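Enquirer: Here it is, the structure in full.
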Amino acid sequence: MKIKNLLIILLCFLSVFFATGCNNNSQNKDGNITPVIKIITANNAPIVSKEDYLDAKITLSDNKGEINLDNVDAGVRGRGNYTWTLDKKGYRIKFNKKQAMLSDYKCKSWALLPNYTDKTLLRNYYALNVAKNMDGFAWSSNAELVELYLNNEYLGVYLLCDQTQVNENRVDIEEGSQDVDTGYLIERDVNALSEQDKVEGRDYFVINNDKYLDNPIPYVLKSPEYPSEKDYDSDEEFEVAKTAYMAQFNYIKDYITSVFNAIQSGDFELFSSLCDVNSFVDYFLLDQMFLNFEIDRFSSFFMHKDKGGKLVAGPVWDYDLSAGYVNPDPESDLYYSNNWFVGLANSGTEFKKMYYAKLESYGDMINAEGKKLYDVYERNKLAINRNNKIWPIKTVIYPMNDKISSLKTYKAQLDYLVNYVSARHKSLLNSLSDWK
């Protein structure tokens, strides 16, 4: 009888083990599962380049453990600037055909952010979800925690995000037209100076009095792009396409230069005639609320303009070094290191009044989004714990400050993040009271 009972118990244990334990997904006490992405490259080749895609097969299971994608063809390469130099790398996936990735829409390109510097893994998640609740942005990337396996090696928890690109489900502007009045996506990106395939006067332009370390900062055209000769049947068609592109290039260069000059001269009326003011207020408000290390925006400063429309700030990106990671004092003054923001802040009372009014109106939302992070942690606790075993919280990664590095538990790190943003918001309300 005892043996029979033991056998029953053993069979029950094995059934549970094979139902859950053999699954690579991490299931917590509430039955929630962190989605899993598995990447198998051709011949299990390592991903060592940010430029060259490797052929790969992608498998995705969702938060119920159900397979959404099963060995789907794609290309995978590295991504990131500073983050690419770190041990935990970021990756970009580009499917051969559009696919949904924990989304109700399909796209070819997706980003996997490692968030290696961020011990909570949630700074980008937090900022992107705050952005979704601000009324100045037409679109902000989705963000989902996933666990990543590359060639059967567990790499930890990543943030699955949309690639910033022109697409009807992302930056929804006109694309493909050869008219000057078309859609434009631009990134202010100092990294273009070191990219050999980027050519000034073709792929990017500079504004002489907008500089970084005495070097003018590149403004890169992400869309439209310089035409490729292989896409045309004849030399004549290629020449027509190049001529049309250069007209577009010069148009948006002149447009953005006019905007920048209006800002620097304090001409808010001209600025507001050329730009969607609401988007610029929200963009710089989000950076200041999170006291983002990237607040100078020498890279990842995106702007776009649709056919017949004004220049719009966004979408927002890059918050893993924010919220006290570099500067532990939430009561620090406004960070005046971005020529765009400095000019707008000094342009007169209209911008300041809009800025402060929005700062007041977003308070409850910011705190509510912060509290939701605890639920995100509970849903993904086992996955986060597994991540922290291979990427320990105690590891100090430049430019981490002493306050952050002294917090040795995940809960302490998460509390710090939530409390920091809340305190920063209150501090700005107090210090900018004369902006009412």
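The values are calculated or read from the model by the stated rules, or taken from the named source; none is laboratory data. In this text, all values refer to a predicted model and were calculated from it rather than measured experimentally. Here the Cβ is made from the backbone with ideal geometry for all residues, glycine too, and neighbour counts use every protein chain on show. For the accessible areas, the whole protein counts, side chains as well, though only heavy atoms, and no ligand, DNA or RNA atoms are used. Shrake-Rupley method; radii C 1.70, N 1.55, O 1.52, S 1.80 Å.
Enquirer: So how many residues does the range 359-390 have that are touching an Asp or Glu at 6+ places or on another chain (Cβ under 8 Å) and open to solvent by 20 Å² or more (accessible area, probe 1.4 Å)?
Expert: Residues flagged as touching an Asp or Glu at 6+ places or on another chain (Cβ under 8 Å) and open to solvent by 20 Å² or more (accessible area, probe 1.4 Å) within the range 359-390 amount to 3.
Enquirer: Next question, about the same structure. For the range 328-351, state whether one or more residues are assigned to a helix (DSSP H, G or I) and of a type in the set (D, E, K, R).
Expert: Among the residues of the range 328-351, at least one is assigned to a helix (DSSP H, G or I) and of a type in the set (D, E, K, R), which makes the answer yes.
Enquirer: Only one residue in 109, 103 is surrounded by fewer than 17 Cβ atoms within 10 Å (Cβ to Cβ) and either of a type in the set (Lys, Arg) or modelled with pLDDT of 95 or more (or both). Which one?
Expert: Result of the check over 109, 103: 103.
Enquirer: Kindly provide the set of residues from the range 113-135 that are open to solvent by 10 Å² or more (accessible area, probe 1.4 Å) and either without any contact (Cβ under 8 Å) to a residue 24 or more places away in the chain or among the small types (Gly, Ala, Ser) (or both), ordered by number.
Expert: 132, the sole residue that qualifies.
Enquirer: Of all residues being modelled with pLDDT under 95 and among the polar types (S, T, N, Q) in the range 182-195, which is surrounded by the fewest Cβ atoms within 10 Å (Cβ to Cβ)? Just the residue, please.
Expert: The extreme case among them is 194.
Enquirer: Could I ask something else about it? Taking into account only those residues within the range 214-227 that are on the phi < 0 side of the Ramachandran plot and not in a strand (DSSP E or B), which is surrounded by the fewest Cβ atoms within 10 Å (Cβ to Cβ)?
Expert: Top of the filtered list is 225.
Enquirer: Among the residues of the range 313-326, which ones are open to solvent by 10 Å² or more (accessible area, probe 1.4 Å) and over 17 Å from the mean Cα position of the chain (by Cα)?
Expert: Passing the criteria: only 326.
Enquirer: With respect to residue 164, is the statement that it is more than 19 Å from the chain's Cα centre (by Cα), modelled with pLDDT of 95 or more and among the β-branched types (Val, Ile, Thr) true?
Expert: no
Enquirer: Here's a follow-up. So residue 81 ticks every box in (1) open to solvent by 10 Å² or more (accessible area, probe 1.4 Å); (2) in contact with a strand residue (DSSP E or B) (Cβ under 6 Å, 6 or more places away or on another chain); (3) among the polar types (S, T, N, Q) but one. Which box is left unticked?
Expert: (2)
Enquirer: Residues to consider are 301, 290; find the one that is farther than 22 Å from residue 216 by Cα and crowded, with 23+ Cβ neighbours inside 10 Å.
Expert: 290
Enquirer: I've got another one for you. Go through the range 159-181 residue by residue and tally those that are open to solvent by less than 20 Å² (accessible area, probe 1.4 Å) and among the charged types (D, E, K, R).
Expert: Residues that pass the stated criteria total 2.
Enquirer: Turning to a different aspect of this structure: Here are 230, 211, 242: which of them is open to solvent by 20 Å² or more (accessible area, probe 1.4 Å), among the basic types (Lys, Arg), assigned to a strand (DSSP E or B) and out of contact with any helix residue (DSSP H, G or I) (no Cβ under 8 Å at 6 or more places or on another chain)?
Expert: The unique qualifying residue is 211.
Enquirer: Is there a residue being of a type in the set (S, T, N, Q), part of a loop (DSSP other than H, G, I, E, B) and surrounded by 15 or more Cβ atoms within 10 Å (Cβ to Cβ) anywhere in the range 402-418?
Expert: no
Enquirer: Turning to a different aspect of this structure: So residue 198 clears everything in (1) in contact with a Pro (Cβ under 6 Å, 6 or more places away or on another chain); (2) open to solvent by 30 Å² or more (accessible area, probe 1.4 Å) except one condition, right? Which one?
Expert: Every listed condition holds for residue 198 apart from (1).
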